[in-house]
Amino acid sequence: MSPVPTNDLRRKDRIVRYKPYVPKEGEDPMAEYMNLLAMLFSMCGLMMRFKWASWAAVYCAFIGFSNSRSSEDTKQVFSSFMLSISSVVMSYLQSPTPMAISYFS
């Protein structure tokens, strides 16, 4: 068993106490959340061929685009929007029948 060192090597001047992030007034993360949801729904629509997920991706992309700020990166918003549109197009190219509501059938 090794002996425990008696001196503490941690530097007290380098310790910074944690402060939780407080959002500034006017910051709304809704656009980022909607872009993330649009990406997730469009991937579900492409991979699992869910037409409702593709349409939900388009809806979330529109909301994310409308809530985005002008200083925000436009490439992410544009890629989210185009991915959702391509998800709808690909899901209808694979199966051109209209989306059926299975709850009432």
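Brief remarks on what is shown
- Full-stretch length increase - residue 16, residue 43 - with 0.36 nm per residue and alpha-carbon distance subtracted: 5.7 nm
- Considering only trypsin sites (Lys or Arg not before Pro) in DSSP loops that have at most 12 other Cβ atoms within 10 Å, the longest stretch of the chain without any of them is 25-68.
- The simple spin-label model puts a point 7 Å past each Cα toward its Cβ; for residue 74 and residue 99 those points are separated by 2.9 nm.
- Pairs of C-alpha atoms in the chain farther apart than 18 Å represent 62 percent of all such pairs.
- This model, with +1 at the C-beta of Lys and Arg and -1 at the C-beta of Asp and Glu, gives the chain a dipole about its Cα centre of some 400 debye.
- Taking 0.36 nm per residue of separation and subtracting the Cα-Cα distance, full extension of the segment from residue 52 to residue 28 would add 5.9 nm.
Only the coordinates and a few stated rules stand behind these numbers; no lab work does. Source: prediction; values computed, not measured. Cβ: placed from backbone, ideal geometry, glycine included. Neighbour counts: every protein chain shown.
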